[in-house]
Amino acid sequence: MAAPWEDVLRNETAVQEAARVAVDAALLAGVLMRTEGEPNASDVVNYAPFTLLPSAVPSALFEEAYAVQQDFNLLVDAISQNKEFLERTLASTIKVDDFTARLFRIYMQVLEEGLAQSVFLGINRSDYMFDCGVDGTPALKQIEINTIAASFGGLTSRTAAVHGQVLKVLGKSKEASRLLPNNPSKGLALGIAKAWELYGSPSAVVMFLVEEVQRNIFDQRCVENELWNRNIRVIRRRFRDVFEKGSLDDARRLYMDSQEVAVVYYREGYVPKNYDQQNWEARLLLERSRAVKCPDIATQLAGTKKVQQELSQPGTLEKLLPGRAEAVARIRATFAGLYSLDMGEEGDKIAAMAITDPDRFVLKPQREGGGNNLYGEELRQVLERIRDSPERTSYILMDKIKPQPAMNYLLRAHSPLQVSECISELGIFGVYVRQGKEMVMNEAAGHLLRTKATEHADGGVAAGVAVLDTPYLV
């Protein structure tokens, strides 16, 4: 999967010059993050980390990832509407994983009260690696699907232009012209705008629910500005603001500072540290409301690792997507081996297999946000500690995907320029809107390529490990 830049990688002078151009191009294009020192101030910013050169991606696998995204949108939506499936699948997990259990309790409470929400908006991102099997032929294998706060749709909309400029400076204008246009921020905004329109109150606002620490604000602003361009008002609030100032009227319409809220777009709320008791109460208030939540709590539960593992069981996809044999086949082709660690003989066997050969597997807890998975010796130690305890059911086991590494330069502020052996992960953004039982929109909305040095087992851009990239199709 070599890209045509082997000559560049060997030319230190060209690399130094290209890196200077790349950094200025990133700053000009708005590929920006706030700094660690001043995470809530926009008067000190730097470029978001990115690769010097675009990375090679097999065009057939790239097309396969796009082709299956609408199927995954339908699948996530079907899971979110299937109470019996979620109850059964998460039964063992919620006994040992307090975070998933609390989400589940809110889910049940809202269902018992009766859903006020009639329009549903899903923004997800399905992430893949290119697994080089025994014969070395790359195959598309899903890492996970993110159903809440899937990030970098904004910044990746601007990264291709930076890589195009770098290639031109390196005398590769023909290659630069082959980089694909990519604008997920527009696609995400179209979904939010559709949900806002179907909510049916022209004076209502879209609320971005954001974290206390907002280093990645420019990524969100890309989507926000697309909404302002459609004359849709956007407000940014934290859980604590909802707790202090949020309210519901008799019709369960949501109000913030006396403004009616049509859509709540979560960019927070996906890990335990996002919640204290007040924040849990704020989450319940939001979920009880008529506002379109992106995601609603059922859709967040649909993105758990335990659900991912259950989907790989024979017959499960067929039950969730009846009469859609082709969609089922496309989805199933992307699955790596996934294994349950539920208590019992089968789970004992799987745990023993992983302890014996830990480098074959990844141990995944029910968490989003990167940096949570366990590998190798650490995986073995954790499994040995919990192998006879119900705690093991809070994890799933997955075959470790083995992509073909390639050389590239990872540009990070205040870091030396050095070549690294890298692997990439491709994400496809999906957007869907359902009103009642009718699917009103179902789209693939763009892509995100992230690349990291092979010495890092886990972690995304926000976690400080991976960097933004652009696919160069080969």
Residue in region 127-141 that is farthest from P405 (Cα to Cα), counting only those that are touching an Asp or Glu at 6+ places or on another chain (Cβ under 8 Å) and open to solvent by less than 10 Å² (accessible area, probe 1.4 Å): D127
Members of region 324-349 found to be out of contact with any Leu (no Cβ under 8 Å at 6 or more places or on another chain), without any contact (Cβ under 8 Å) to a residue 40 or more places away in the chain and open to solvent by less than 90 Å² (accessible area, probe 1.4 Å), listed by number: A325, A329, G344, D348
Count of region 383-409 residues which are within 17 Å of D348 (Cα to Cα) and among the aromatic types (F, W, Y): 1
Residue among G436, G427 that alone is in contact with a His (Cβ under 7 Å, 6 or more places away or on another chain) and of a type in the set (G, A, S): G427
Test: residue in region 42-49 that is over 25 Å from F130 (Cβ atoms), hydroxyl-bearing (S, T, Y) and either over 22 Å from the mean Cα position of the chain (by Cα) or not in a loop (DSSP other than H, G, I, E, B) (or both): yes
Given (1) assigned to a loop (DSSP other than H, G, I, E, B); (2) open to solvent by 40 Å² or more (accessible area, probe 1.4 Å), index of the condition I401 fails: (2)
Given (1) outside the structural domain of L61 (by the TED database); (2) in contact (Cβ under 8 Å) with a residue 60 or more places away in the chain; (3) assigned to a helix (DSSP H, G or I), number of the condition N372 does not satisfy: (3)
Those residues of region 18-39 which are in contact with a strand residue (DSSP E or B) (Cβ under 7 Å, 6 or more places away or on another chain) and not in a helix (DSSP H, G or I), in sequence order: V31, L32, M33, R34, T35
Given (1) more than 23 Å from the chain's Cα centre (by Cα); (2) part of a helix (DSSP H, G or I); (3) not small (G, A, S), index of the condition N73 fails: (1)
Selection within region 175-195 - buried (at least 23 other Cβ atoms within 10 Å of the Cβ) and touching a Leu at 6+ places or on another chain (Cβ under 8 Å): P184, A189, G191, I192, A195
Positions within region 46-92 being in contact with a Ser or Thr (Cβ under 6 Å, 6 or more places away or on another chain), surrounded by 23 or more Cβ atoms within 10 Å (Cβ to Cβ) and polar (S, T, N, Q), in sequence order: T51, S55, S80
Test: P358 is more than 18 Å from D97 (Cβ to Cβ), open to solvent by less than 50 Å² (accessible area, probe 1.4 Å), not basic (K, R) and not assigned by the TED database to the domain that holds Y128: yes
Tally, over region 130-181, of residues that are over 30 Å from R221 (Cβ atoms) and assigned to a helix (DSSP H, G or I): 3
Only listed residue being under 20 Å from P365 (Cα atoms), at pLDDT 95 or above and touching a Phe, Trp or Tyr at 6+ places or on another chain (Cβ under 9 Å), chosen from R125, R105, R88: R125
Every residue from region 93-126 that is in a loop (DSSP other than H, G, I, E, B) and open to solvent by less than 40 Å² (accessible area, probe 1.4 Å): D97, G114, A116, Q117
Subset of region 5-17 [touching a residue at least 40 places away in the same chain (Cβ under 8 Å), assigned to a loop (DSSP other than H, G, I, E, B) and either of a type in the set (G, A, S) or more than 18 Å from S173 (Cβ to Cβ) (or both)]: none
Helices (runs of 4 or more DSSP H) completely within region 210-321 that count 3 or more residues being in contact (Cβ under 8 Å) with a residue 12 or more places away in the chain and open to solvent by less than 50 Å² (accessible area, probe 1.4 Å): 217-228, 239-245, 277-288, 297-302, 305-311
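The values are calculated or read from the model by the stated rules, or taken from the named source; none is laboratory data. In this text, all values refer to a predicted model and were calculated from it rather than measured experimentally. Cβ atoms come from the backbone with ideal geometry, glycine included; neighbour counts cover every protein chain shown. Calculation scope for accessible area: heavy atoms of the full protein, side chains included, ligands and nucleic acids excluded. Shrake-Rupley method; radii C 1.70, N 1.55, O 1.52, S 1.80 Å.
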